[in-house]
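Please read the structure below before turning to the comments.
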Amino acid sequence: MRITGESDLEWTEFEHGEARFRRKQLGEAAGGERLGCSLYEMPPGKHGWPYHYHNGNEEALYVLAGEGTLRTPEGEQSVEAGDYAAFPADERGGHALRNDGEDTLRFLIVSTMDTPDVTVYPDADAFGVYTGSPPGGSDERPVSGYFPNEEGLDYWTEVAEEDDE
């Protein structure tokens, strides 16, 4: 068993448009295989990932410091230090988080680490599919892609014809 201290890890930084956060992968560093845990910090006025839910993995949020707004299928609500939210592995688990406070929002995200997974992005009417590395994992993903929902192949007329060639 490995014990990992937060100070033992370097931050990984992410920035894209109004999304900005930094992360330390605690679960992976401690040797976790079926349960992941990451420490995040999000500056004021920024948000994390797009509104989404997983079909193969359950996630949870625990707020350590700061204040933010959590969007779920029930709407938006304020979260602050000490708040915990669970996100089931289906549309009931839809979530997005933004920092509306004046201080850094510091939180943990815990998730099961199952692969393959399909992540749905309702606002974009899109989905992502990946294998090899679960949500939050850092291993290679031999199959990974994001697709609009209207883009679909008919198995029998398109995929099966390619197989016959």
Of the range 1-25, those with amide N under 17 Å from the point 7 Å along the Cα→Cβ vector of T69 are 18-20
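Counting each pair of different Cα atoms once, what's the Kirkwood radius of the range 6-164 in Å, rounded to one decimal?
Working: mean 1/r = 0.0597 Å⁻¹.
Taking every pair of different Cα atoms in the range 6-164, averaging 1/r and inverting gives 16.8 Å.
What FRET efficiency do you get for E140 and A19 if R0 is 22 Å and r is their Cβ-Cβ distance, rounded to the nearest 0.05? Present the calculation step by step, with values, prior to reporting the outcome.
On the way: r = 23 Å, r/R0 = 1.07.
That gives a FRET efficiency of 0.40.
Counting helices only, and only those DSSP H runs with n ≥ 4, report the 222 nm mean residue ellipticity of the chain as the sum of -39,500 (n - 2.57) divided by its residues, in deg cm²/dmol to the nearest 500. Spell out each step's value before the answer.
Details: 2 runs with 9 residues, N = 165.
One gets -1000 deg cm²/dmol as the mean residue ellipticity at 222 nm.
Starting from the Cα coordinates of the range 61-122, work out the convex hull volume and express it per residue in Å³.
About 88 Å³ per residue, rounded to a whole number.
Readers should treat all values here as calculations from the given coordinates under stated rules, not as data from a laboratory. Computed from a predicted structure; not experimentally measured. Every residue, glycine as well, gets a Cβ built from its backbone with ideal geometry; the counts of neighbours run over all protein chains shown.
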